[in-house]
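**Q** First the structure, then my questions, so here it is.
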Amino acid sequence: MSRKLAAATLSALLLSTGWLGMTGLTLLVGFVPLLWISGSYDGSRRSWRGMFGWATLTFVLWNALTVWWIWNATPVGPFAATLASTTLNMIAFMLFHTVSKKAPAALAYTTLAAAWIATEYWYTTGEFSWPWLVLGNGFSHEVWAVQWYEYTGIFGGTLWVLVCNLLFFEAWLHRRSVRHWVRAALAVVVPAAGSLAIYACWEEPAQRIETAVVQPNVDCYDKFNTAPGWQHENLLSLLA
C-alpha cells in the first residue's frame, strides 16, 4: 500500500510542475506511476474499487496543488473546480482501466487518449468551462518545444503527453528492451526537434499593424442570461 501511495503522490507532483512555475516536461512521464498502479490490479470489482481510490487521490492532489489560488476569489471555487475536473479525469482514466482488463493493450491505450481528449474538449466548450488543467497547457515554460501548436492546437499537446506516457510505461514494463526505450525517447525528441525547426525559421513580419484590445465589462451573473448574440454585438459596438 505504501508503494501505491508513493506512486499516486508522485504522479500528482509530476503532473503539477508545469502549473507551479517549473517545467512542464515532467508531464511526459507524469502518468507512468498511476499506470503502474493500474497494471498491478486484476479485473475484479475489488481491484476496480482500489484503483478508483488511487486515481481519485492522484487527480484531487493534482487539482489541489494547481487551483488552490481560486480561494482568493471565492472559497467555494477550488472545491467546485476540483470536483468537476477530477470527475472528468476519472471518467477517462477509469474507462481506460476497465478496458485494459478486458481488451488488448492497444485498444486500452487508444481508449485513454480518445476519452481524455474528448473530456478536455467538452470541458473547454461547455457553458461551465475550465480549461486550466488541459494537459497541453502545461508547457507555458517550454514554448520552444510546442511551436507545432499552430497546426494542432493545445489538444495536440495533450496527445503528445499521453503518447509519451504510454510509451514510457511500455518501456518500463520491458526494461531490458532497448527498442522500447528508443521508441519512447523518439516520441519526445522528434516533436521537440520539429518545434525548434519551426522556431528557428520564424521571421518577424516587415509589415506593421496597429491593434486594439477590447475588454467588455460584463456582469458575470448576466453573462449567460442575455439574448443570444448580445455579447457579440456588444464587442462590435465597442470596437466601432
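The values are calculated or read from the model by the stated rules, or taken from the named source; none is laboratory data. If you're wondering where the values come from, they're calculated on a predicted model, not measured in any experiment. Virtual Cβ from ideal backbone geometry, glycine too; neighbours counted across all protein chains shown. Just the protein is used for accessible areas: all its heavy atoms, side chains included, with ligands, DNA and RNA removed. Shrake-Rupley method; radii C 1.70, N 1.55, O 1.52, S 1.80 Å.
**Q** Sort 223-234, 101-112 for me by packing, meaning the mean count of neighbouring Cβ atoms within 10 Å per residue, highest on top. Numbers along the way, then the final one.
**A** On the way: 223-234: 10.2, 101-112: 14.9.
Put in order of decreasing packing, that is 101-112, 223-234.
**Q** Now a separate question. Please find the FRET efficiency linking C220 to S140, where r is the Cβ-Cβ separation and R0 is fixed at 30 Å, and quote it to the nearest 0.05. The partial results should precede the final answer.
**A** Working: r = 25 Å, r/R0 = 0.84.
Working from the Cβ atoms, E equals 0.75.
**Q** Taking 0.36 nm per residue of sequence separation and subtracting the Cα-Cα distance, how much length would be gained by fully extending the chain between L65 and L5, in nm to one decimal?
**A** Numbers: separation 60, 0.36 × 60 = 21.60 nm, distance 1.66 nm.
Stretched fully, the L65-L5 segment lengthens by 19.9 nm.
**Q** Ignoring ligands, DNA and RNA, how do L235, L186 rank by accessible area with a 1.4 Å probe, largest first?
**A** On the way: L235 65, L186 95 Å².
Result of the area sort, largest leading: L186, L235.
**Q** For the range 127-240, how big is the tail of P(r) above 17 Å, as a whole percent of Cα pairs?
**A** On the way: 4578 of 6441 pairs.
Tail of the P(r) past 17 Å holds 71 percent of the pairs.
**Q** Here's something else I'd like to know. Once the Cα gyration tensor of the range 152-195 is found, what semi-axes does its equivalent ellipsoid get, as square roots of 5 times the eigenvalues, in whole Å, sorted largest first? The partial results should precede the final answer.
**A** Numbers: eigenvalues 93, 28, 4 Å².
So the equivalent ellipsoid measures 22, 12, 4 Å along its semi-axes.
**Q** Now for a different question. Determine the sum of side-chain charges near W48: Lys and Arg each +1, Asp and Glu each -1, restricted to other residues whose C-beta is under 14 angstrom from that of W48.
**A** Details: positive: R45, R46, R49, K101, K102; negative: D42.
Charge balance near W48 sits at +4.
**Q** Let me ask something additional. So what does I37 come to for accessible area, using a 1.4 Å probe and Å² rounded to 10?
**A** 0
**Q** Could you list, bin by bin from short to long, the percent of Cα-Cα pairs of the chain in 10 Å steps?
**A** 7, 26, 32, 21, 10, 4, 0
**Q** Considering all alpha-carbon pairs of the range 1-95, what whole percent are spaced by more than 16 angstrom?
**A** When all Cα pairs of the range 1-95 are counted, 56 percent exceed 16 Å.
**Q** Here's a follow-up. For A73 and R183 in the same chain, what is the full-extension length gain: residue separation times 0.36 nm, less their Cα-Cα distance, in nm? Could the numbers behind the result be given before it?
**A** Details: separation 110, 0.36 × 110 = 39.60 nm, distance 4.47 nm.
Gain in length upon complete extension: 35.1 nm.
**Q** What is the log10 of I(q)/I(0) for the range 71-126, computed with the Debye formula using one identical point scatterer on each Cα and no solvent, at q = 0.20, 0.23 Å⁻¹?
**A** -0.72, -0.84
**Q** Per-residue counts of other Cβ atoms within 10 Å, averaged by peptide: what ranking do you get for 49-55, 38-44, 11-17, highest first? Mind showing how you got there, number by number?
**A** Details: 49-55: 17.1, 38-44: 14.0, 11-17: 22.6.
Taking the mean over residues of other Cβ atoms within 10 Å, the ranking is 11-17, 49-55, 38-44.
**Q** Hey, another quick one. Hey, what's the per residue convex hull volume over the C-alpha atoms of the range 96-193, in cubic angstrom?
**A** Taking only Cα atoms, the range 96-193 has a hull volume of 112 Å³ per residue.
**Q** For helix 178-201, report the angle its Cα long axis makes with the longest principal axis of the Cα atoms of the chain; keep it between 0 and 90° and round to the nearest 10°.
**A** 20
**Q** Moving on. Leaving out ligands, DNA and RNA, what percent of the accessible area of the range 1-88 is carbon and sulfur, probe 1.4 Å? Display every interim value, and only then the final one.
**A** Numbers: 3140 of 4360 Å².
Carbon and sulfur together cover 72 percent of it.
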